[in-house]
Each structure stands twice: as C-alpha cells, then as structure tokens.
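Participant: Take this structure, written in structure tokens, and hold onto it; I'll ask about it next.
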Amino acid sequence: MTQTTDAENNLSDFVRFSAAVTGFSEFDLWGTGQAEEYYKTVVNQEGLDALRKAMGSDPSAVPSDPVVNSIIKLWYVGVWYGPELVGRMDVAAWTAPGRSGAKPAVPEDSRPVESRSLAMSGHHQAGEDSAYGGAVRKPLFVVSPDAYTEGLLWRAIGAHPSGAKAPGYGSWVHPPVFED
C-alpha cells in the first residue's frame, strides 16, 4: 500500500465515522467540500492516535470521547472547539466583541489562558500547528472560509446561512421549510 492510498483510506474512514456520529450521510459530508480540511484539522490538533481512539470508541456511550464531541461540533458549525471547550456554554462570550465592538464581551483576565494567547496570535488556520510539536495547540478557530456556509446546522434546521447562500437577502423573513 502506498502512502497516498493510506491517506485516502484514513480520510474515507473519517468521513464514514463522521456520518455515523452526525446523522448525515457520507454523500452529504463529502458534498460540503470540507472533509479533507476537517480531517487535517483533527489530526493536526489532536494527533492521529487520538483520532483513531475516538473512531474506535462507542459514540453512543455517555459521556462520549471528547474528541468525538469536537468532531461533531466541527461538522455542524465549522469551528474547531478543542475537547476541553466542547461542552462549555460560555465559549462564545470569549470571542464575541462587546456592544461597542471595541472590547471583548468578557474581561481579558477572565478568558482561559489558551484563548488569550490565541487572540493575540492573530492566526487561526487549520494545519499550521501539529498537536505534537506545534508551537500552540489552538482550541477554538474557524477551520476554513467555507466552513460557516457548509455547516450541517443549516441543513439540520432547514435554513440557509444568513447572507451567504441562496435564496439571498430577506430569506430569513420566511420560516424554514423542511423536506420529508
């Protein structure tokens, strides 16, 4: 087996596993165009061994593997929430601007140390830092420019991402339409 074949098999296994834990078909996941980017993100942030362990775990177990929860959230919202943040309800407050837009909604000293260092680094690109050997493990970042519009959450609620996909301006005036 060549390295390319192994990489393709790993990616296919990742998408198959993701389909099982997200409730969407492999076809839907491939159709987002994000499969390879999401796979690279998980490997770079958590390591291949952690991904294999997560894929070998029982996703119906409570509590499930934290990496599994991070993968599910990644597919739905297009943001990598490290396993240490995936269950936190106040994560959005760490990154949301204040009402004036000039200050964070939460005082700088109340943010997690990792989040403070990330806010100062200014880069949140997938694939830059390895989980083992990179300068900083990034627990919270948008994975790609298309991740927001391709998030599974829009399909799950029967809506379109505001301002990003058809039917366009004013589409949120009408309630979502669910297909059978």
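Participant: Please list, in order along segment 15-22, the HN-Hα scalar couplings obtained from phi with the Karplus expression 6.51 cos²θ - 1.76 cosθ + 1.60 (θ = phi - 60°), rounded to whole Hz, x for Gly and Pro.
Facilitator: Per residue, the Karplus-derived 3J(HN,Hα) values read 5, 4, 4, 4, 4, 5, 8, 8 Hz.
Participant: I want the local charge near I71. Using Cβ-Cβ distances under 11 Å, sum +1 for each Lys or Arg and -1 for each Asp or Glu among the other residues.
Facilitator: Local charge sum for I71: -1.
Participant: Could you pull out every residue, at least 5 positions away or on a different chain, whose amide H is within less than 5 Å of the one on S64? Hs are placed 1.01 Å off N in the peptide plane, and Pro or chain starts have none.
Facilitator: none
Participant: Can I ask one more? All other residues with a Cβ under 15 Å from the Cβ of D13 taken together, and with Lys, Arg as +1 and Asp, Glu as -1, what is their net charge?
Facilitator: Working: positive: R16, K40, R52, K53; negative: D6, E8, E26, E36, D49.
Here the count lands on -1.
Every read-out reported here was derived from the displayed coordinates using simple, explicitly stated rules and does not represent laboratory data. In this text, all values refer to a predicted model and were calculated from it rather than measured experimentally. FYI the Cβ positions are ideal-geometry reconstructions off the backbone, even for glycines, and counts take in every protein chain you see.
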